[in-house]
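Below: one structure, written as structure tokens.
The values are calculated or read from the model by the stated rules, or taken from the named source; none is laboratory data. Here the structure is a predicted model, which means the values were calculated and not measured. Cβ sites come from the backbone with ideal geometry, for glycine too, and all protein chains shown count toward neighbours.
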Amino acid sequence: MLDKYTDTVADINITERRGLVVWMYNLRQLKSLKKFGSVMYASRKMKYAIIYVNQEGIDETIEALNKLHFVRSVDQSHRPEVAVEGNLESILKDVEPSEEDFIYKGKKVTPLIMTK
């Protein structure tokens, strides 16, 4: 949000959220999960739902979800723990294209993107 009188960005409080995978015995009580967080996806075949909850107080939320009679188990998403910055550069650094990579149907072609 921009302040009206200056071109600086005002302080925005962004709440940290975390994904939870809720495994259930059946999906009849799917609507009751809405009071814990935002239901993003539900698989009827595999009987699970993905909900997003606030990071603070997540242990109490997991505890409350596990106490429900229709919940089999609750797993936390590991997405915040995975480092994604810099991975593409390290992968591309290890890959060196050879002359054979640029031959198509017996003709030499020019690559669209060259690494190094």
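Among the residues of region 38-50, write down those that are touching a Leu at 6+ places or on another chain (Cβ under 8 Å) and within 12 Å of Val21 (Cα to Cα). Hits for region 38-50 are Val39, Ala42, Lys47, Ala49, Ile50. Total residues in region 10-35 satisfying the condition of being without any contact (Cβ under 8 Å) to a residue 40 or more places away in the chain, surrounded by 13 or more Cβ atoms within 10 Å (Cβ to Cβ) and more than 17 Å from His78 (Cα to Cα): the figure is 3. If the condition is being out of contact with any strand residue (DSSP E or B) (no Cβ under 8 Å at 6 or more places or on another chain) and either under 11 Å from Val22 (Cα atoms) or aliphatic (A, V, I, L, M) (or both), then region 51-92 contributes Ala64, Leu68, Val82, Ala83, Val84, Leu88, Ile91, Leu92.
For every residue, the table says whether it meets (1) exposed (fewer than 10 other Cβ atoms within 10 Å of the Cβ); (2) modelled with pLDDT of 70 or more; (3) part of a helix (DSSP H, G or I); (4) touching a Pro at 6+ places or on another chain (Cβ under 9 Å).
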| position | (1), (2), (3), (4) |
| --- | --- |
| Asn66 | no, yes, yes, no |
| His69 | yes, yes, no, no |
| Ser90 | yes, yes, yes, no |
| Glu96 | yes, no, no, no |
| Asp101 | no, no, yes, yes |
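Among the candidates Ser73, Ser77, Ser38, the residue that is under 20 Å from the mean Cα position of the chain (by Cα), modelled with pLDDT of 85 or more, among the hydroxyl-bearing types (Ser, Thr, Tyr) and surrounded by 13 or more Cβ atoms within 10 Å (Cβ to Cβ) is uniquely Ser77. Quick one: how many residues across region 41-56 are surrounded by 15 or more Cβ atoms within 10 Å (Cβ to Cβ) and basic (Lys, Arg)? Of the residues in region 41-56, 1 are surrounded by 15 or more Cβ atoms within 10 Å (Cβ to Cβ) and basic (Lys, Arg).
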